[in-house]
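Presented below is the structure to which this report refers.
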Ligand code: EPU
């Protein structure tokens, strides 16, 4: 709800939390799979779905297009796309979250037309959609603009060879889905390699799609002229951003914390950085255990497309760096405005020097002080919760609907390891 807030009592720099904290299914995987339901001629089942606001928004959009969406178990949904689907994405909802853009490809491929507003989401930079528009054009579509809505239409789409100017995650997923139902061969160059893209390609392939190369920078799709037929449920992979954020929380507040139901393999470069910073951790195939470290050391953090350090972990890492000894550099390479939250962190006591929109120095160790703060976006919102748990005294975090967009019942899971956090 819009006016809810978190009241948090911080540890004042103690490392006291203990226990297990489970990771949910990946938001940025499951949203694309829900969109992929439009490519199937039969019902699809999706398991390990996190109960978050972005999923509720996606379901509303899908229902508006005519898709049957049913939650059959706590974490499982079935989605059933009708013979004819709508072509108009409902403006207000589509504008509220970035993933709405991934619906455009399947709708265009099926109906030859799609109308949609510029997608919203976290305010972390300009977030253009030129790669989507140029790629649709290459496949034979016309692009128009009416009443601030994009109108994309095509009498006939055909496979094409497309070179992305930047390896965009959602553009890779959208074009992969579009090309699945477009006759001919599509080759996508300079695409993103995130594990969520591989999971989507694998799922589409089990339904009869012909996609190769997902997980590399070139993906080849041989289009089909009929809808896919789902044979197996989609298992949502664990959320690597949630796992990484919990690992950071454990390093700065934990005595002994085990992060369960995750895939450390998806966080290799991040964990390598943790190693350099002196974090005391061990991993199994599906867990990360973090014990108290004698000292955390300054490190340089450069965000990068997968398999590099995810931009979505940049703000929690900044909190980590306030507790690491020495001067660290943060270099945000993916988005334009993703350091804005640092001014709030410095008001909590962090020693931050912003050099330019992409780089900042953080010098630690500094004690943090509890404050009243606004969550500016999903990831910085969780970073503020971690900062508030490190800090001395009480913090109040407002705007938590931003945090609910991507983290299921975050306070309940933090309470499991001893955090004093209440939703009011
Ligand atoms: N870009 C363009 N033109 C485009 C598309 C992207 O120039 O048409 C640029 C962006 O401005 C940015 C860069 O490409 O500078 C990379 O952005 P990308 O398109 O990869 O980001 P995205 O697909 O919009 C997804 C995640 C983000 C995550 C980024 C990077 C979803 C729904 N969102 O966004 O997640 O930060 O990839 O990994 O999958 C979040 O979950 O909080 C979040 C922001």
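Coordinate-derived values only; no laboratory data. From a predicted model like this one, the values you see are computed outputs, not experimental measurements. Using ideal geometry, Cβ is built from the backbone for each residue, glycine included, and neighbour counts are taken over all protein chains shown.
Is it possible to state the helix-based mean residue ellipticity at 222 nm for the chain, with each DSSP H run of 4+ residues giving -39500 (n - 2.57), the sum divided by total residues, to the nearest 500 deg cm²/dmol? What is it?
Working: 14 runs with 131 residues, N = 424.
Theoretical 222 nm ellipticity from helices: -9000 deg cm²/dmol.
Given the chain, report the % of alpha carbon pairs whose separation exceeds 36 Å. It would help to have the intermediate numbers written out before the result.
Working: 23039 of 89676 pairs.
Of the Cα pairs, 26 percent sit more than 36 Å apart.
Only bridges whose two residues both fall in the chain count here: according to DSSP, what percent of them are antiparallel, nearest 5?
Percent antiparallel among DSSP bridges in the chain is about 70.
Relative to the first principal axis of the alpha-carbon coordinates of the chain, what is the inclination of helix 240-253, with its axis defined by its Cα atoms, in degrees from 0 to 90 and to the nearest 10?
0 degrees
Grab the alpha carbons of region 104-167, take their convex hull, and tell me the volume per residue in Å³.
In region 104-167, the Cα hull volume divided by residue count equals 97 Å³.
Could you work out how far the C-alpha centroid of region 332-382 sits from that of region 134-149, in angstrom?
Using only Cα atoms to place each centre, the spacing works out to 38 Å.
Calculate, for residue 118 and residue 83, the FRET efficiency according to 1/(1 + (r/R0)^6) with r their C-beta to C-beta distance and R0 30 Å; round to the nearest 0.05.
About 0.50, to the nearest 0.05.
If the chain between residue 20 and residue 422 were fully stretched, how many nm would it gain, using 0.36 nm times the residue separation less the Cα-Cα distance?
Extending this stretch completely gives an extra 142.8 nm.
Can you classify region 27-235 as rounded, prolate or oblate using the Cα gyration tensor, where a ≥ b ≥ c are the square roots of its eigenvalues, rounded means a/c under 1.5, and otherwise it's prolate if a/b beats b/c and oblate if not?
Rounded.
With axes computed from alpha carbons, what is the tilt in degrees of helix 378-390 against the longest principal axis of the chain, rounded to the nearest 10 within 0 to 90?
Tilt of helix 378-390: around 20 degrees.
Residue separation times 0.36 nm, minus the C-alpha to C-alpha distance between residue 361 and residue 56: what's the value?
Full-extension gain reported as 106.0 nm.
Considering Cα pairs under 8 angstrom that are at least six residues apart, work out the relative contact order of region 27-235 and quote it in whole percent.
21 percent
Which FRET efficiency value, to the nearest 0.05, is calculated for residue 295 and residue 346 with the Förster distance at 30 angstrom and r the Cβ-Cβ distance? Mind dumping the intermediate values first?
On the way: r = 23 Å, r/R0 = 0.76.
With R0 = 30 Å, the Cβ-Cβ based efficiency is 0.85.
Once you order the gyration tensor axes a ≥ b ≥ c over the Cα atoms, which shape class does region 152-281 get: rounded for a/c under 1.5, otherwise prolate or oblate by comparing a/b with b/c? Write out the running numbers ahead of the final one.
Numbers: a/c = 3.48, a/b = 2.22, b/c = 1.57.
Judged from the Cα gyration tensor, region 152-281 comes out prolate (a/c at least 1.5, a/b above b/c).
Taking 8 Å as the Cα distance limit and 6 or more residues as the minimum spacing, I'd like the relative contact order of region 59-171 as a percentage.
20 percent
Quick one: 165, 32, fewest Cβ neighbours within 10 Å first, how do they rank? Present the calculation step by step, with values, prior to reporting the outcome.
Details: 165 10, 32 26.
By the 10 Å Cβ count, ascending: 165, 32.
Given axes a ≥ b ≥ c from the Cα gyration tensor, I'd like to know whether region 1-92 is rounded (a/c under 1.5), prolate (a/b larger than b/c) or oblate.
Taking the square roots of the gyration eigenvalues as a ≥ b ≥ c, region 1-92 is prolate.
With angles folded into 0 to 90 degrees, how steeply does helix 27-36 sit against the dominant principal axis of the chain? Use alpha carbons for both and round to 10.
The helix 27-36 is inclined about 10 degrees to the chain.
Normalised by the residues of the chain, what does the relative contact order come to in percent, with Cα pairs under 8 Å and at least six apart?
Averaging sequence separation for qualifying contacts and normalising by length gives 22 percent for the chain.
Take each of the peptides 83-91, 39-47, 258-266, average the number of other beta-carbon atoms within 10 Å over its residues, and list them starting from the highest.
Output ranking for 83-91, 39-47, 258-266: 258-266, 39-47, 83-91.
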